[in-house]
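The values are calculated or read from the model by the stated rules, or taken from the named source; none is laboratory data. Since the structure is predicted, the reported quantities are computational estimates derived from the model, not experimental observations. Every residue, glycine among them, receives a Cβ derived from its backbone with ideal geometry; neighbour counts consider all protein chains shown. The accessibility values were calculated without ligands, DNA or RNA, using every heavy atom of the protein model including side chains. Shrake-Rupley method; radii C 1.70, N 1.55, O 1.52, S 1.80 Å.
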Amino acid sequence: MNASIIDPLQGDFPEVIEEYLEHGCMKCIAFNRRGTLLAAGCNDGSCVIWDFETRGIAKILHDDECSSPITSICWSKYGHRILVSAADKSLILWDVMSGKKITRIVLQQTPLQARLHPGSSTPYLCLACPLSCAPMIVDLNTGNTTLLKVSVSETSNGPIPPSRNKSSDGITSFTPTAACFNKYGTLVYLGNSKGEILVIDYKNGEVRAIVPITGGSVVKNIVFSRNGQYLLTNSNDRVIRIYENLLPLKDEVRTLDELNENCGDLNNSEKLKAIGSKCLILFREFQDTITKVHWKAPCFSGDGEWVVGGSACKGEHKIYIWDRAGHLVKILEGPKEALIDLAWHPVHPFVVSVSLNGFVYIWAKDYTENWSAFAPDFKELEENEEYVEREDEFDLIPDTEKVKGPDVNEDEEVDIVSVEKDATFSDSDMSQEELCFLPATPTRDPLEQQDKCAESSSKLLDSNNTGSPSEEAGPNGLMMNHASSLLEEDAGRVKRKRKPSEKVLELQAEKVKKSSKSSKLAKPKSKSLVDQDNGNSFHGDGISDE
C-alpha cells in the first residue's frame, strides 16, 4: 500500500454513512444497470427490491419452496429479471415487474455465486460457481448443466480433475473456484486454485488462454469493470490485482483464433500461456503491507476509475478505496460489524455495504453547503474589502454590454424532446425498453399480527367486564375508565410498532384484576363513612371493615 494518501477532496467518492436500510437479515446486494433499484437477498430466502431514489421498498419476492439464505443475486441486463442462488442448492429466476417465479432449478452443490449471461435482454443461460465442484453453465430453460475446465494438463490436451486441497484433518476437499463472464458474454474468465486465469469458450468448453498469477495463490474473486477494459482478481495472498484487457471487446473469439494460429509450434500449455500474455497484462497491485488484510467483495466503481475492497477481519467494517494508479485515497470506517458484501453505484458516488447483522449501509460523499453556487456572479469574501463602483454600473444598458455581440441565435429552435446518449450506457439496445422503476404497492399488515391485536383486545375487554373497572376522578371531576384508556393506548401502540408477547398480556390482565379487587374493598368503606356522617350507625350491606 502506498504510504502517500491523496487529498480526498480531489476525488468524487463516498466518505460517510448517509443512511441504512433494514428489512429482515440481508446477506447480499446488487444494483440494476442504471442504479435506480437495489436488490437484496435475505436470510429467509426472500428478495427485497428497494427504490434507491426514495429508499422505500418497491417489491418483495418470496418463494414458498425456498426458506434458505440467499447466497448471491444478479440482475439481467435490462432489469426485467433477477436470478438468485440459495443455500438449499437452488437457482430461482424471477420476473421483476410481475413478481412471479419463472423457474426454479436445484443443483447438486450449493451455488456460492450465479451470474446471468450479460449479452441477452432475456437470458436463459447463467454461470454458477458451486461450493464443491467446478463452475458450470446452467440452461435455465431445460436445467442442463455443463461443467467448465478448471485446469489444463501440462502434457496432454485433456483436462485434469478439479483441484483439491487437503485440510488439517487429512480430509480432501474441493477448493471453490471464481468465474465471470466478460462484457458481452462471449467468454468466461475463470480463476483457479493454482493461481491461474483461464480464458474459456463456454460454448464448446475449450480453454483458449492461460494467464499465470504472481505467487500462484487461490483466486477467490474475479470481476470485470463495467466497460470491460480491466479485470480484477482477489487472491489468498491478500493482494488485489488489476489486469488490462488487451482483446477487442466485440471480436475476442476471432482474435483468439488468430493468436492460436501464430503459436502453432508450441505445446498445448506453452501455447495457451503465450496467448494469455497477449490477452491480459498486469496493470496494478493493491495490498496492505502492514496489517496484511484479507479482502472481501472487491469491485470497480461505475466508471472504472476507483477500486474498492472491504476488510474481511471479524468485527471490522472498513472499506478501502484506491484510484486506478494505485494510491490509497480513503479508508471508510463503519460500525463494529463484519462486512459481508459490497457494491458501488453504477453512476453516482455511492457505496452500499452489508453487515453481518443484516443491515445495508449507504455511503455517500459529504457535501458542504456552498451558497455561492446559487448565484454565478456571487463572490464570497473572507474579510471586508473597499468596493469602488464603475461609472456605468447602474445604467440601464451598461457600455460593457453594448460592446458585446449576441452570443445566442434567438431564431434557432431548441430541442427539448430528444435525450442525449449517455456514454456510460453506450451499449444499450434502444429497441429494448429498460426497467428502471417499479410502482410501489402498499401492503397490509400480516393476518397473524391483526389476529393477535384483536385477541389481546378481547382479553382485556373480558377482564374489564368480570370485575368493576378502576375509576379515577378526572381533572374536571368526571370519572375516567383507566383500563379502557390503557386498552386504546396499547392497541394503538401494537398496531404501529410491534405485537405484545404473551407475558405482557398476562401482566396487563393481572393488573386489571388487582385494581378491580381494590376498588371492591374501597367502595363499602367509603359508604360506611358517609352513613356515619348522616347519623346512621350501620355498615352498608352488613360488611364490616374488620
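Here are a few things to note about the model shown:
- Spin-label pair N267/C436, simplified geometry with 7 Å Cα→Cβ offset, distance in nm: 5.7
- Taking each residue as 0.36 nm, the span from D64 to N357 lengthens on full extension beyond its C-alpha to C-alpha distance by 103.1 nm.
- Size descriptors for the stretch 38-129: radius of gyration and Dmax over Cα atoms are 12.3, 40 Å.
- Within the accessible area of the stretch 1-138 (1.4 Å probe), percent carbon and sulfur: 49
- Per-q log10 I(q)/I(0), the stretch 182-289, q = 0.09, 0.20 Å⁻¹ (Debye; single scatterer per alpha-carbon; no solvent): -0.21, -1.05
- Label point distance in nm, N141-E385, each placed 7 Å from Cα along Cα→Cβ: 7.0
- Kirkwood analysis of the stretch 66-117, using all unique Cα-Cα pairs, places the hydrodynamic radius at 11.0 Å.
- Links that overshoot a 32 Å alpha carbon limit, given the list K250/K365; K250/K330; K77/K365; K59/K336: K250/K365; K250/K330
- For the pair T214 and F394, a Förster radius of 41 Å applied to the C-beta separation gives a FRET efficiency near 0.05, rounded to the nearest 0.05.
- Amide H contacts for A58 (H built 1.01 Å from N in the peptide plane; partners 5 or more residues away or on another chain; cut-off under 5 Å): I49, W50, D51.
- Calculated FRET value between K101 and E412, using beta carbons and R₀ = 51 Å, to 0.05: 0.45
- Phi angles across the stretch 354-362 convert, under the Karplus curve 6.51 cos²θ - 1.76 cosθ + 1.60 with θ = phi - 60°, into 3J(HN,Hα) values of 10, 9, 5, 7, x, 8, 10, 9, 9 Hz, Gly and Pro given as x.
- Residues I331 and Y124, FRET efficiency given R0 of 41 Å [Cβ-Cβ distance, rounded to 0.05]: 0.45
- Net charge over other residues, Cβ less than 11 angstrom from the Cβ of N234 (K, R count +1; D, E count -1): +3
- Inter-centroid distance (Cα atoms) of the stretch 173-242 relative to the stretch 313-378, Å: 27
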